[in-house]
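Here's the structure we're looking at; comments come further down.
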Amino acid sequence: MVVFDFFRYSLINRMEKTFLSLLLFFQIFSSLAQEVPILERKVSMLAQDERIDFFLKRLSQEAGCLFSYSSSAIDVGRTVSGTFYDQPLREVLEKVFEGEVVIKQKGVYVILTPKAPSEKEVVFSGYVVDESTGKGIRDATVYDPITLKSSTTDEFGFFELSLKNFKMDSIRLVVNKKDYADTLLVKDKKNPFQRIQLKTPEIDLEEVGKSLTKPMKDFWVWTKNSAGFTNVENVSDTMYRRFQVSVLPFIGTNRKLSGNVVNDYSINLLGGFSGGTNKFEWGGWFNLNKGNVQYVQWAGLFNQVGGNVKGLQVAGLANGALGDVKAAQLAGLVNFTAGNVEGIQMAGILNLATKDFKGVQMGAIANYAHNDLEGVQMSGILNVGRNIKGAQIGLFNYADSVRGASIGFFSFVRKGYHQVEIGADEVLPINISIRSGTRGFYNMLFAGVRPEIADSTTWAFGYGIGTSPRLGKKLHLNFELSASQMIKGNVEALNLINKAYLGIEYQIVKGFGIYLGPSLNWRVYDSSFTDHPEMFTYSNPTIRNENAMPMENIVSQLWIGGRAGLRFF
């Protein structure tokens with residue numbers, strides 16, 4: 001028992017030591033991970049005609065670092081005066097040496113070397129801070145509007161901007177940050193370090209309203225983690241260039257400010273991002289534009305435009321535009337527009353317009369127009385529109401209202417023509433039909449039955465199309481073409497009755513009417529099948545013509561019949 005207690009005590013003791021060691025390790029690791037870089041440590045110093053070498057000794061104690069420099073290369077015998085309160089070590093050194101030294105950090109050492117004079121390159125640097133709080137502003141954009149060279153501030157608000165072939169004594173730099181007022185800075189070539197204060201603008205309620213109602217948020221951005229996107233958010237100015245070439249977004253002649261530059265001609269070897277295009281843009285893979293595009297945009301895969309499109313937009317896969325389109329959009333798969341469209345959309349799968357459309361939509365699979373459409377929708381399967389002034393041509397069509405025609409296998413117009421018909425003809429005494437579409441063009445789905453005492457029921461089902469022009473206030477003409485398969489029990493052989501009907505419809509009251517009229521009937525059936533249902537059991541129309549094709553076992557019959565009945569809705 002004593003031995004067991006000894007081992008248990010030893011085990012607990014070792015576990016406690018291990019736990020304490022791990023706790024100490026994580027505390028040290030956490031402190032190192034959160035440690036502020038030496039050059040960004042805030043110091044407060046006061047100097048009055050003090051030699052620089054003495055000042056650096058005190059400064060090293062304040063900042064917790066060691067300075068490394070050559071007294072023969074740097075004049076540390078001259079004096080310095082000033083009050084430095086809660087400023088980064090880097091800024092203090094820049095002010096003391098007046099921008100004449102290069103400052104680098106390596107471990108706990110801060111290395112100071114003379115800055116070599118250069119006529120070809122000047123490095124501007126400094127801090128961008130909030131005017132009211134004095135804190136550094138992260139991801140602010142500092143750029144030269146002439147060369148388009150730009151830099152973004154780090155987490156402490158520090159930036160460096162190198163300009164080559166710099167010949168002027170001063171330069172204008174623009175400083176932008178989202179939610180801050182733009183600042184124009186004139187920098188002296190002899191004093192390239194500066195502390196820049198930005199202030200927040202007064203709240204513009206109109207702009208707030210616009211931002212709240214913005215329909216789509218910056219779909220055209222390349223990546224929110226890139227300096228290029230940061231510049232797009234910060235910089236409100238638009239610059240213009242006649243020509244640009246890029247490999248990928250922000251890798252080209254317009255550098256990281258490409259999203260703020262409108263080009264006349266734009267060539268993107270793989271893909272590119274620009275503020276807009278005035279004449280022509282070509283992309284091997286894709287083109288992204290923040291603003292408007294005209295007159296030609298061509299891409300191997302896709303085009304995306306944040307503004308309006310005018311002219312021609314062609315893509316192997318998809319075209320997208322968030323503004324209005326006055327163009328022909330041609331895409332292998334999909335065309336999408338968030339604004340009004342005037343022109344043509346042609347796609348291998350789908351055309352999608354979220355506002356008014358004027359022109360032609362042609363999609364192999366489907367077309368969708370969210371608002372009013374004036375023109376034509378043509379698709380292999382489905383057309384959907386709101387208020388159509390023109391025509392829909394497709395297998396299935398849907399619209400809220402149509403001034404024109406919806407032509408297809410089945411069309412449904414919410415504010416259109418919907419009727420249920422119950423009637424009789426010379427073959428079947430009970431027929432029920434559903435009619436849907438517009439009076440200009442409608443579809444019919446129907447079935448009929450002949451009640452009789454037999455082992456199997458004689459019935460028919462079919463499909464038809466028709467038109468119903470108005471003859472008077474309550475009177476309409478009906479012209480219809482239909483085909484129905486007449487069977488006894490199950491479908492076993494061809495027995496098709498094709499019908500052309502011309503009649504009148506009188507609406508007694510709203511939602512209720514009667515109809516009647518003659519029909520021309522042409523029956524085509526398989527003569528080799530011997531169990532067809534008897535055609536006429538309660539009427540005896542005259543067969544006007546009968547032809548046989550023995551080689552195909554097909555017989556046709558022609559007669560004149562009639563239809564009559566009631567219509568509802």
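Values as computed for the structure displayed
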quantity: Heavy-atom accessible area order for R386, R439, largest first, 1.4 Å probe; calculated: R386, R439
quantity: Residues whose placed amide H lies under 5 Å from that of S274, excluding near-sequence neighbours; calculated: L288, N289, K290
quantity: Value of D in µm² per second that Stokes-Einstein yields for segment 38-114, Kirkwood Rh from Cα pairs, at 25 °C (0.890 mPa s); calculated: 200 µm²/s
quantity: Amide proton proximity set for Q194, modelled H, under 5 Å, gap of 5+; calculated: S125, G126, Y127
quantity: Taking segment 260-374 and dividing mean pair separation by its residue count, relative contact order in percent (alpha carbons under 8 Å, at least six apart); calculated: 13 percent
quantity: ³J(HN,Hα) computed for each position of segment 473-480 - Karplus, 6.51 cos²θ - 1.76 cosθ + 1.60, integer Hz, glycine/proline x; calculated: 4, 10, 10, 10, 9, 10, 10, 9
quantity: Candidate residues V129, V36: accessible-area rank, largest first, probe 1.4 Å; calculated: V36, V129
quantity: With every protein chain in place, segment 77-151: carbon and sulfur % of accessible area (1.4 Å); calculated: 51 percent
quantity: I111 accessible area, assembled protein chains, probe 1.4 Å, Å²; calculated: 60 Å²
quantity: Computed accessible area, H418, all protein chains, 1.4 angstrom probe, square angstrom; calculated: 60 Å²
quantity: Table column - 3J(HN,Hα) (Hz), segment 532-541, Karplus curve with 6.51, -1.76, 1.60, x for Gly and Pro; calculated: 5, x, 5, 6, 10, 10, 10, 9, 9, x
quantity: 23 Å Cα-Cα threshold exceeded, pairs from K106/K256; K310/K358; K164/K279; K42/K178; K42/K256; K415/K473; calculated: K106/K256; K164/K279; K42/K178; K42/K256
quantity: Debye equation applied to the C-alpha atoms of segment 417-568, log10 I(q)/I(0) at 0.10, 0.11, 0.15 Å⁻¹; calculated: -0.37, -0.44, -0.79
quantity: W522 accessible area, assembled protein chains, probe 1.4 Å, Å²; calculated: 120 Å²
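The values are calculated or read from the model by the stated rules, or taken from the named source; none is laboratory data. Note that the coordinates shown come from a computational prediction; the quantities given were computed from them, not determined experimentally. Surface areas here come from the heavy atoms of the whole protein model, side chains and all, with no ligands, DNA or RNA. Shrake-Rupley method; radii C 1.70, N 1.55, O 1.52, S 1.80 Å.
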